[in-house]
Amino acid sequence: MLDSLTHLMGGFGAALTPANLLFAAIGVLLGTAIGVLPGIGPAMAVALLLPVTYAFDPTGAFIMFAGIYFGAMFGGSTTSILLNTPGESASVMAALEGNPMAKSGRGAQALATAAIGHFVGGLLGVIGLVLLAPLVASVAVDIGAPDYFAVMVLAFVAVTSVLGSSRIRGFAALAIGLTIGLVGLDPLSGQPRLTFGVPQLADGIDVVIVAVGLFAVGEALWVAAHLRRGQQEVIPVGRPWLSRGDVKRAWKPWLRGPFIGFPFGSIPAGGAEIPTFLSYVTERRLSTHRDEFGSGAIEGVAGPESAASASSAGTLSTMLTLGLPTTAIAAVMLAAFQQFGIQPGPLLFQTEPDLVWTLIASLFVGLVLLLVLNLPLAPAWAKLLRIPRPYLYAGILFFACIGAYAVSGQAVDLLVLLGIGAVGFVMRRYGLPVLPAIIGVILGPDAELQLRRALQIADGDVTTLVSTPVAVTVYTVIALLLLFPLVRKVLPARGTPPVDRDREGTPV
Amino acid sequence: MTVVQEETPARAPEKRGRLGEHSELGVSLLLFVVGVLVVVDTLLESGAGSDSDPLGPRTVALVLGGALLLLSVLLTVDVLRGGHGEAEAGEDVDLSTPPDLRTVGMLAGVLIATAALIPLLGWPVAGVVLFWGATYSLGSRTYLRDLLIAAGVSVAAWVLFDGLLGVDLPGGPLMGVFG
């Protein structure tokens with residue numbers, strides 16, 4: 001505990017150098033700008049900005065990524081408040097109350113509530129990270145290959161089962177991702193798999209190309225096929241501010257949000273979607289202005305926004321301590337770590353303490369910058385929503401190509417990028433979720449390695465996989481996740497569950 | 001707004017027919033083909049497990065191939081029983097129109113052209129083709145303005161990445177003058 005504080009102080013020392021402050025500021029600004037742009041979510045933002053960081057040392061790069069993460073999350077809610085068409089599932093709840101507020105002339109208050117909510121949620125979330133992450137890491141150091149394998153299987157099952165309407169499609173997406181991850185020489189035996197004799201495929205398909213292809217090219221092609229003709233109405237907005245009465249109504253939701261957001265962000269349950277929804281329902285139940293919900297209740301913006309921000313911190317905790325990505329953006333960041341030859345996981349706190357604690361300290365710095373920069377800049381961000389769409393999507397494709405080319409300097413990679421983009425297009429068309437696919441690409445090879453390592457140590461004895469309490473517990477959770485819908489089907493129907501009733505009227 | 005949006009003739013929904021309704025079966029087919037590919041590719045390679053690696057490189061691949069085939073069957077059953085995947089919504093996505101595959105095809109062509117042009121003409125020129133081609137495909141008809149923006153973006157990006165960030169992007173003959 002005291003140890004963490006000492007480390008954190010050291011981290012602040014490193015984070016507050018002019019260069020690192022600059023990286024944090026650039027990250028927050030780029031992240032917000034790109035997050036505000038319609039059609040670009042946080043995961044695509046990080047994927048597109050990967051090549052920008054190749055020139056930096058890992059610390060600078062990750063400080064920037066942290067800024068991009070928080071910035072893009074905030075940018076997404078700005079878009080949904082002012083446009084009422086949320087691009088990310090995380091900002092659906094912000095649109096629900098924020099957009100009516102903006103329509104009735106309270107856009108400035110809605111943006112201020114969102115910005116402060118992000119600050120408070122992020123702050124409490126990162127404090128949670130500081131308190132819990134070293135603890136989790138020290139426990140996780142002792143877990144072995146069988147446990148790791150179990151946890152990764154849990155991640156696969158959870159991201160496909162908890163979210164989305166169809167499990168078959170979730171698992172299909174996962175299988176596609178795992179197949180892409182399989183391409184290349186097997187690291188243990190050196191045997192080629194799915195390379196079809198093409199030498200360029202021997203090293204596998206680079207994760208960066210997969211991420212950029214699935215998120216940027218797939219999205220651009222998908223939007224191109226269904227481009228909304230005619231401009232949408234953007235609600236003009238002034239400088240965000242809050243009255244005393246607003247603060248009085250918002251401060252409790254701000255403080256409650258993180259307690260819902262952080263735990264959900266840290267487990268593989270899809271990041272901010274579920275906690276923002278739960279926070280919204282909670283605030284509606286607790287509010288004394290319940291009649292205002294649906295027509296612009298400030299509590300409905302404050303709680304979910306704070307929860308969303310805290311869930312990012314929870315996501316980062318799990319990624320740093322276990323090397324386990326729970327959201328698409330964490331998966332892309334994990335890929336970025338691997339590009340720099342760093343393996344996140346329990347050992348990271350021992351092998352790279354300076355990097356980790358500088359990163360954590362810069363999360364605090366990034367949050368302060370986010371608040372300071374975004375309140376005055378909000379009207380400028382709103383202008384970004386008017387960018388002509390041909391330029392926007394041409395730009396996305398342009399930077400996607402630079403990112404793919406930068407990986408190995410081969411023009412052929414652009415064709416691979418297009419192929420992956422086509423897969424991303426088909427997935428969007430037929431409702432296959434992208435998250436399981438990217439998790440499969442990134443975690444798949446690692447999971448196979450842990451499985452084979454476990455059996456190697458146990459001389460091929462399969463029971464080794466269930467030989468530890470951790471593994472048994474995790475497999476029980478997996479079984480429950482898989483069986484739950486079957487059980488619900490068998491049980492007699494008891495009318496519409498309250499969750500579904502609340503879902504009604506959600507403008508998705 | 002000076003960008004002229006291209007008009008797409010609205011196609012009558014009746015024309016899509018049964019095949020269009022069940023176009024999702026194409027995903028089943030895709031899963032099936034990939035599954036067969038994984039299984040065949042794995043079986044063609046030798047290399048069972050050894051003492052130091054009891055599982056070997058084939059086991060996981062075979063399980064995955066089997067899973068792909070199983071999912072293909074399950075998805076087919078689901079589609080035939082009336083299930084369908086929901087197309088993804090978004091800020092700029094209007095799902096009430098039929099997919100405009102012509103635009104998608106044009107964008108794919110632009111990407112392929114870019115890949116072919118990079119080794120010949122270098123990034124700045126290929127980048128202009130990429131950006132301008134994409135804006136044209138997406139319906140912009142202000143040719144000159146688009147060209148100027150494309151040139152600006154492409155050269156600025158080349159200077160930024162190649163010059164400042166150390167990402168090696170070939171300048172091509174046109175940029176040879178700058179060394």
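Report Rg(Cα)/(2.2 N^0.38 Å) for the range A:383-478, keeping two decimals. Please list the in-between numbers first.
Numbers: Rg = 20.9 Å, N = 96, 2.2 N^0.38 = 12.5 Å.
Here the Cα radius of gyration is 1.67 times the empirical estimate.
The Stokes-Einstein estimate for the range B:101-178, based on a Kirkwood radius over Cα pairs and taken at 10 °C with 1.306 mPa s viscosity, is a diffusion coefficient of 124 µm²/s.
Seen from a random direction on average, the alpha-carbon convex hull of the range B:18-122 projects onto 12.1 square nanometres.
Near A:THR464, once Lys and Arg are set to +1 and Asp and Glu to -1 for all other residues with Cβ below 13 Å from its Cβ, the sum equals -1.
Rounded to the nearest 20, the Cβ-based charge dipole of the protein assembly as shown about its Cα centre (Lys and Arg +1, Asp and Glu -1) stands at 2020 debye.
Given Cα positions, please report Rg to Rh for the range A:28-180, the hydrodynamic radius being the Kirkwood one. Could the numbers behind the result be given before it?
Working: Rg = 18.6 Å, Rh = 18.0 Å.
Ratio of gyration radius to Kirkwood radius: 1.03.
Just so you know, the Rg over Rh for the range A:262-390 is 1.06, from Cα atoms, with Rh as the Kirkwood radius. Buried accessible surface for the A/B chain pair comes to about 6800 Å², total over both chains, computed with a 1.4 Å probe. Under the shape rule built on the C-alpha gyration tensor, where the axes satisfy a ≥ b ≥ c, the range B:57-113 is oblate, since a/c reaches at least 1.5 while a/b does not exceed b/c. Plainly put, the range A:199-277 has a radius of gyration that is 1.17 times its Kirkwood radius, both from alpha-carbon atoms, as the Rg/Rh ratio.
In the full protein context, chain A carries 36 Å² of accessible surface per residue, based on a 1.4 Å probe and ignoring ligands, DNA and RNA.
Between A:VAL141, A:GLY265, A:LEU286, the Cα set farthest toward the positive side of the dipole of chain A (charges on each charged residue's Cβ, about the Cα centre) is that of A:LEU286. Expressed as a whole percent, the accessible surface of the protein assembly as shown that belongs to carbon and sulfur atoms is 67, based on a 1.4 Å probe. Protein heavy-atom accessible surface, 1.4 Å probe, per residue over the range B:44-115: 49 Å². In chain A, the calculated helix contribution to ellipticity at 222 nm averages -23500 deg cm²/dmol per residue, counting -39,500 (n - 2.57) for every DSSP H run with n ≥ 4. Taking a ≥ b ≥ c as the square roots of the eigenvalues of the Cα gyration tensor of the protein assembly as shown, is the shape rounded (a/c under 1.5), prolate (a/b larger than b/c) or oblate? Verdict is rounded for the protein assembly as shown. What the Cα atoms of the range A:321-471 give is an Rg and a Dmax of 20.8, 64 Å.
Just to be sure I understand the curve: with the Debye formula and one point per C-alpha of the range A:1-78, what is log10 I(q)/I(0) at q = 0.11 Å⁻¹? So the normalised log intensities are -0.31. In this entry, the range B:21-80 is assigned a mean projected area of 3.9 nm², taken as a quarter of its C-alpha convex hull surface. For the range A:168-195, a drop of 50 Å² or more in accessible area on going from the chain alone to the assembled protein chains (1.4 Å probe) is found at A:ILE168, A:ARG169, A:THR179, A:LEU182, A:GLN191, A:LEU194. Computed from backbone phi, the HN-Hα couplings of the range A:210-218 come to 5, 5, 5, x, 5, 7, 7, 5, x Hz, rounded to whole numbers (Karplus: 6.51 cos²θ - 1.76 cosθ + 1.60, θ = phi - 60°; Gly and Pro given as x).
The values are calculated or read from the model by the stated rules, or taken from the named source; none is laboratory data. Just so you know, these numbers come straight off a predicted model, no measurement behind them. Because the Cβ atoms are built from the backbone with ideal geometry, glycine has one as well, and the counts that use them run over all protein chains shown. Just so you know, the surface numbers come from the protein's heavy atoms only, side chains and all, with ligands and any DNA or RNA stripped out. Shrake-Rupley method; radii C 1.70, N 1.55, O 1.52, S 1.80 Å.
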